Amino acid sequence: MTDSFLHKGLRKKLVDELRAKGIDNESILAAIGKVPRHFFVDSSFAQHVYEDKPFSIGAGQTISQPFTVAFQTQLLDLKRFDKVLEIGTGSGYQTAILVELGATVYTIERQRELFIKCQEILTQMNCLPYSFLGDGYEGKPIFAPFDKILVTAGAKTVPQKLLEQLAVGGKMVIPVGDSNIQEMLVIDKLSEKKYKTSKFGTFSFVPMLKGIE
């Protein structure tokens, strides 16, 4: 795993592009400028890996386009040392961004193939979240409550168990919808039974599925 001057230059160009598209959190832009995205994709995509596009990572899953990663992260309003539950580790790229930003990350992946591959990459990078093979709909109640919850797959509805695992004062970012197009929601937990939901446009994610593959 090598990170060349060419890769660093391409990341700088990507950061400039994301800034032009409205990402204004400089800490997030710095993290994207630092984390080597090419570590997380197949070498056949290497020539295009720093374009603002999603790519297949196998098992019917994708690595989200950098703008989506940055946008969701910006909506989280992350603070250093926040305890974050990530649903859908996928390639591990979003996970690495969260860790780079100083969060304590608990991440769940349901696809065994991706889980194993991702652990190898993150370990080689010395990026060490708490990683679990499991059902994202169940969350991780044993480690709850979480300051932030980030869902990186499209859910048909907001999972009740995740709402319960969110700390009062916490925030969940989740794409919700019935088809390939979802609405990005930010849910603020105001009290144990009171929530505020805000909408931030439409996106396209792979579906959030139950169980373990």
Could you tell me which residue of the range 63-88 is nearest to A20 (Cα to Cα), considering only residues that are part of a loop (DSSP other than H, G, I, E, B) and free of Cβ contacts under 8 Å to residues at least 60 places away in the same chain?
-> Q65
Check on P159, of a type outside the set (D, E, K, R), surrounded by 17 or more Cβ atoms within 10 Å (Cβ to Cβ) and within 12 Å of I87 (Cα to Cα) = yes
Part of a helix (DSSP H, G or I) and in contact with a helix residue (DSSP H, G or I) (Cβ under 9 Å, 6 or more places away or on another chain) - does that describe any residue in the range 41-51?
-> yes
Could you list, in sequence order, all residues of the range 167-190 that are outside any strand (DSSP E or B), charged (D, E, K, R) and surrounded by 19 or more Cβ atoms within 10 Å (Cβ to Cβ)?
-> none
Which of the residues belonging to the range 78-111 are surrounded by fewer than 22 Cβ atoms within 10 Å (Cβ to Cβ), farther than 20 Å from F40 by Cα and out of contact with any Lys or Arg (no Cβ under 6 Å at 6 or more places or on another chain)?
-> K79, R80, F81, K83
From K156, K161, grab the single residue that is out of contact with any strand residue (DSSP E or B) (no Cβ under 8 Å at 6 or more places or on another chain) and closer than 23 Å to V206 by Cβ.
-> K161
Determine whether S27 is under 13 Å from I97 (Cβ atoms) and among the hydroxyl-bearing types (S, T, Y).
-> yes
Selection from the range 59-77 of residues surrounded by fewer than 21 Cβ atoms within 10 Å (Cβ to Cβ), within 20 Å of P36 (Cβ to Cβ) and in contact with a Lys or Arg (Cβ under 8 Å, 6 or more places away or on another chain) yields Q65, F67
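Being more than 16 Å from the chain's Cα centre (by Cα) and under 24 Å from P175 (Cα atoms) is the filter here, so list the residues in the range 136-156 that pass it.
Hits for the range 136-156 are E138, K140, P141, F143, A144, P145, K156.
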Can you name the residue in the range 136-156 that is over 25 Å from E100 (Cα atoms) and not hydroxyl-bearing (S, T, Y) and is also surrounded by the fewest Cβ atoms within 10 Å (Cβ to Cβ) among such residues?
-> K156
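Read-outs throughout are calculated quantities, based only on the coordinates presented, and are distinct from any laboratory measurement. If you're wondering where the values come from, they're calculated on a predicted model, not measured in any experiment. Cβ: placed from backbone, ideal geometry, glycine included. Neighbour counts: every protein chain shown.
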